[in-house]
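Novice: If you scroll down you'll find the structure; I have some questions about it.
Only the coordinates and a few stated rules stand behind these numbers; no lab work does. Only a predicted model underlies this, so the values are computations on that prediction, with no experimental measurement involved. Here the Cβ positions follow ideal geometry from the backbone for every residue, glycine too, while neighbour counts run over all protein chains shown.
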């Protein structure tokens, strides 16, 4: 008896198309907070960027909805790329931990400031641009070309007010609508 191998491939293709369509629809519903996203301001020293970051604010998005106490840990990968481990707590700072692990590759010619990131396998790759960062890597502003996503990161879960003011001023100078930023509780 001959096995029909086309049926599983057709189902996989249909699932991928459906997932892509759902992602595109969700993206269209998100507000654009910057219609003219600038190129990253500075090169990124990957060794300095590695480690734990605390999300202190973001543009709300479907994959982080309801999460607080969000962190992102960047590690050097064995293959020359980066491993990213995102954690957050669903339903408040003492809620259930949610974890997502992804991989990233540096975009050639970007001075390490642009990454291609995937948390869902090789078929769903997103842009991750380190738009600006402190010289000592105490904070970082991350976005992508559509202007729909923005993350404000800090090495401290609760950075001092002067640091927050610097970050907010940089976000405004980069052209982002700060009214769309959702503060992340820690």
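Novice: Pull out a ≥ b ≥ c, the square roots of the eigenvalues of the alpha-carbon gyration tensor of the stretch 24-90, then state rounded if a/c is under 1.5, prolate if not and a/b is larger than b/c, and oblate in the remaining case.
Specialist: On the way: a/c = 1.97, a/b = 1.31, b/c = 1.51.
Verdict is oblate for the stretch 24-90.
Novice: Using a 7 Å offset from Cα along Cα-Cβ at residue 30, what residues in the stretch 57-92 end up with backbone N under 12 Å from the label point?
Specialist: So the set is 58-65.
Novice: Continuing with the same structure: What FRET efficiency, computed as 1/(1 + (r/R0)^6) with R0 = 30 Å and r the Cβ-Cβ distance, is obtained for residue 119 and residue 172, rounded to the nearest 0.05? Mind dumping the intermediate values first?
Specialist: On the way: r = 29 Å, r/R0 = 0.97.
Approximately 0.55, to the nearest 0.05.
Novice: Would you list 64, 55 from fewest to most Cβ contacts within 10 Å? Please report the intermediate quantities before stating the final value.
Specialist: Values: 64 21, 55 24.
Fewest to most other Cβ atoms nearby, the residues stand as 64, 55.
Novice: I would also like to ask the following. Quick one: what does P(r) look like for the stretch 46-183 with 5 Å bins over all Cα pairs, in whole %?
Specialist: 2, 10, 19, 25, 22, 15, 6, 1, 0
Novice: Based on alpha-carbon centroids, what's the gap between the stretch 52-94 and the stretch 111-144 in Å, whole number please?
Specialist: Spelled out, the Cα-based centre of one part sits 12 Å from the other.
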